[in-house]
Amino acid sequence: MSILLAGCPTAFAAEESISSDDYWKLSAQEKNVVIYSRPRPGSPLKEFKAVGPIDAPPGAVCAVIDDFQNYPKFMPYTTECRLIKRDGDSIVGYQRLSPKVCADRDYTLRVWKKSWPSADGLVFMSHWSPANELGPPEKKGVVRVKLCEGKWLLEPDGATKTRATYSIYTDSGGFIPSFIANRISLTGITKLFAAVRKQVKDPRYAVSMPGGPGGIGIPANRGNRLEADTTNEKSKKPE
């Protein structure tokens, strides 16, 4: 499961650990997204980086990613999103996921955002790291994700397109073997790009100003699934 992006030094440290181009290897190549991976020293889990075009300007794509509190309506597996607080140049948000193949996961992240001009228009970036101590306590039957570092980079590709780069390093916790977790990450990233591409077609994002709460990109299942709908299934799911 891949958890789906300018400020404090810890944020820059997380970004630096993911942004280097050393040792990336091609892991999957779909029609509209290329996914790379590389090992993290001392961990069986891999870092992933996905690059793909999106048929919308970076501002509109950024508005979709910023639409944090509506993630349960269009992001795969997402059942709950809650803004905890705005804190200077960052926001803190809580999310809960309900994957089909394992127990629910949840986490709280701190997200930093910034933008800068380029020759073709504005570039947007959001990056995040864990902030579980600022969110709700752990819940019975829900696995707390304690490692999640990542980034969205949205660069203009001409006047009407975006070159999107999504980077993630996470441990979904529980008892999922690393080789399965790495494989599910590939599928989750593909679903994430598909969800953003579909949602950005909504005309309201074309006029939205980036800057709302969010920037936390996570793969999740479409639709607003209520906890009551999954009560019977959870008892059968492995952690």
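The values are calculated or read from the model by the stated rules, or taken from the named source; none is laboratory data. Nothing here was measured: the structure is a model prediction, and the numbers come from that model. Don't worry about glycine lacking a Cβ; one is built from the backbone with ideal geometry, like all the others, and counts go over all protein chains shown.
Filtering the range 174-196 to residues that are at pLDDT below 80 and among the β-branched types (Val, Ile, Thr) leaves ILE176, ILE180, ILE184. Does any residue of the range 142-152 turn out to be of a type in the set (A, V, I, L, M, F, W, C) and over 23 Å from ILE176 (Cα atoms)? Within the range 142-152, one or more residues are of a type in the set (A, V, I, L, M, F, W, C) and over 23 Å from ILE176 (Cα atoms). Among the residues making up the range 62-76, those that are under 11 Å from GLN199 (Cβ atoms) and surrounded by fewer than 21 Cβ atoms within 10 Å (Cβ to Cβ) are ASN70, LYS73, PHE74.
Residues considered: ARG163, ARG197, ARG183. Of these, the only one that is of a type in the set (Lys, Arg) and either part of a strand (DSSP E or B) or touching a His at 6+ places or on another chain (Cβ under 8 Å) (or both) is ARG163.
Inspect all residues belonging to the range 86-107 and state whether any of them is surrounded by fewer than 19 Cβ atoms within 10 Å (Cβ to Cβ), assigned to a strand (DSSP E or B) and in contact with a helix residue (DSSP H, G or I) (Cβ under 9 Å, 6 or more places away or on another chain). There is at least one residue in the range 86-107 that is surrounded by fewer than 19 Cβ atoms within 10 Å (Cβ to Cβ), assigned to a strand (DSSP E or B) and in contact with a helix residue (DSSP H, G or I) (Cβ under 9 Å, 6 or more places away or on another chain). Restricting SER115, SER126 to residues that are assigned to a strand (DSSP E or B), surrounded by fewer than 21 Cβ atoms within 10 Å (Cβ to Cβ) and in contact with a strand residue (DSSP E or B) (Cβ under 9 Å, 6 or more places away or on another chain) narrows the list to SER115. Here the range 91-120 is the region considered, the condition is being under 13 Å from the mean Cα position of the chain (by Cα) and among the polar types (S, T, N, Q), and the residue that is farthest from GLY150 (Cα to Cα) is GLN95.
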